[in-house]
Amino acid sequence: MATTMAPPVIDLADVQGDILRAYGNAYERTTYVFVGITQAARGRDWLRVLVDRTTTAAPWSQGGKPPFALNIAFTAAGLRALGVPERVMSTFSDAFLAGMAGRAGVLGDTGPSAPAHWDPGLGTGQAHVLVTVNALGEPELERALGDLRTEVVRHGLEIVAEQAAQLLPQSREHFGFADGFAQPAIEGVGEDKVAGGGVPLGDGRWRALAPGEFVLGYPDEDSRVDRKGRLPNAPSGPLGKGSTYMVWRKLHQDVALFRRTVREAAARLGYDEQRLRAKIVGRWDDGAPLVTHPDAQPATFDGRADGANDFGYADEDDAGMRCPLGAHVRRSNPRDALGFEAG
């Protein structure tokens with residue numbers, strides 16, 4: 001039985017903003033800059049400058065979103081290059097220490113996807129620090145990147161890889177589905193997203209997820225049922241508090257193949273293409289869930305409206321007749337379909 005725990009007080013100023021806050025689709029431009037540390041002392045001096053520009057999870061002023069948001073992540077090789085002692089490094093997870101290239105076989109990165117075919121500078125151990133810059137537009141992005149590049153050169157460091165990205169029209173992902181409006185509800189920071197974004201309790205009630213599911217050093221869902229209330233494993237020292245593990249992967253979406261496959265399958269089954277796409281994903285193109293709109297895409301759907309994400313599977317669609325059991329959204333977030341606390 002889950003224990004009752006007092007909500008933790010999160011030091012939002014000590015947590016990076018891209019961990020706990022969805023920046024939203026207002027930031028239409030993003031660039032990922034991978035920096036190599038040539039000397040530990042120079043790298044630390046650069047970070048002292050960068051830390052004051054880093055966007056935290058603390059609430060923004062009433063003036064709205066800043067023109068850009070800057071956040072930092074480190075590889076295991078990067079922490080070593082900065083001089084983090086081995087006794088601290090040994091407390092990180094094995095997957096993090098191995099690195100993505102080191103786990104290529106486990107991850108299925110073989111053949112054309114093998115590290116030898118990755119973009120230059122990636123998977124080689126040269127990329128030490130990832131700086132992510134999200135900006136409202138191109139002018140804001142270029143100003144932020146200009147300052148960043150200047151500081152990198154001034155400190156004698158090297159940019160080993162860079163990846164630009166841009167929001168597609170109408171906030172769609174490449175296969176054509178609406179994206180970005182459903183986010184987890186995190187206790188202490190995102191209770192406004194509880195309905196549909198948290199843990200179902202039954203009788204239509206939800207609660208926010210424990211912050212330790214996302215931020216190290218805080219109680220997670222296992223802490224709730226642990227009589228001792230133990231925290232999840234985390235690196236030792238200050239690095240294990242207010243931090244998180246993240247994954248950066250560059251994937252290729254074969255849009256033409258997806259469309260052709262759906263078209264051919266729909267013709268073979270005598271099925272409507274749009275409906276078949278919805279069955280694969282679990283939502284219509286505009287984001288409307290099949291559980292609440294099983295027969296047709298609604299004329300209008302606002303994914304940010306109250307109740308738009310408030311649905312379950314156990315009572316409404318236990319057998320998967322509306323939203324198939326293998327649909328993307330149902331596999332990635334089973335909601336109440338696995339039981340847990342619902343009842």
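The values are calculated or read from the model by the stated rules, or taken from the named source; none is laboratory data. All figures in this text were calculated on a predicted structure; none of them were measured in a lab. With ideal geometry, Cβ positions are generated from the backbone for all residues, glycine too; neighbour counts draw on all protein chains shown.
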| note | Per the filter on segment 236-247, residues surrounded by 12 or more Cβ atoms within 10 Å (Cβ to Cβ) and out of contact with any Lys or Arg (no Cβ under 9 Å at 6 or more places or on another chain) are G237, L239, G240, K241, G242, S243, T244, Y245, M246
| Cross-chain or 6+ apart pairs with Cβ under 7 Å, segment 281-306 first and touching a residue at least 12 places away in the same chain (Cβ under 8 Å), then among the hydroxyl-bearing types (S, T, Y) | V291/Y313
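Sort out for me the helices (runs of 4 or more DSSP H) sitting completely within segment 1-109 that have 2 or more residues that are aliphatic (A, V, I, L, M) and surrounded by fewer than 16 Cβ atoms within 10 Å (Cβ to Cβ). Give the steps one after another, and end with the answer.
Details: elements: 17-20, 40-50, 76-81, 86-89, 94-102, 104-107.
Per the criteria, 40-50, 94-102, 104-107.
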| note | With criteria (1) among the polar types (S, T, N, Q); (2) within 21 Å of E162 (Cα to Cα); (3) without any contact (Cβ under 8 Å) to a residue 24 or more places away in the chain, S61 comes up short on (2)
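Can you tell me which residue within segment 248-306, out of those that are of a type in the set (G, A, S) and part of a helix (DSSP H, G or I), is surrounded by the most Cβ atoms within 10 Å (Cβ to Cβ)? So that I can check it myself, show each step before the final result.
Residues of segment 248-306 that are of a type in the set (G, A, S), as a first pass: 256, 265-267, 270, 278, 282, 287-288, 296, 299, 303, 305.
In the following step, the residues that additionally are part of a helix (DSSP H, G or I) were identified as 256, 265-267, 278.
Working: A256: 8, A265: 13, A266: 16, A267: 10, A278: 25.
Checking each candidate, the answer is A278.
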| query | With R205, R172, R154 as the choices, which residue is charged (D, E, K, R) and within 17 Å of A308 (Cα to Cα)? | reply | R205
| Residue in segment 179-200 that is modelled with the highest pLDDT, counting only those that are surrounded by fewer than 20 Cβ atoms within 10 Å (Cβ to Cβ) and touching a Lys or Arg at 6+ places or on another chain (Cβ under 6 Å) | Q183
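Among E264, E316, which is the only one that is without any contact (Cβ under 8 Å) to a residue 60 or more places away in the chain and more than 30 Å from R207 (Cβ to Cβ)?
Details: E316 fails: more than 30 Å from R207 (Cβ to Cβ).
The conditions single out E264.
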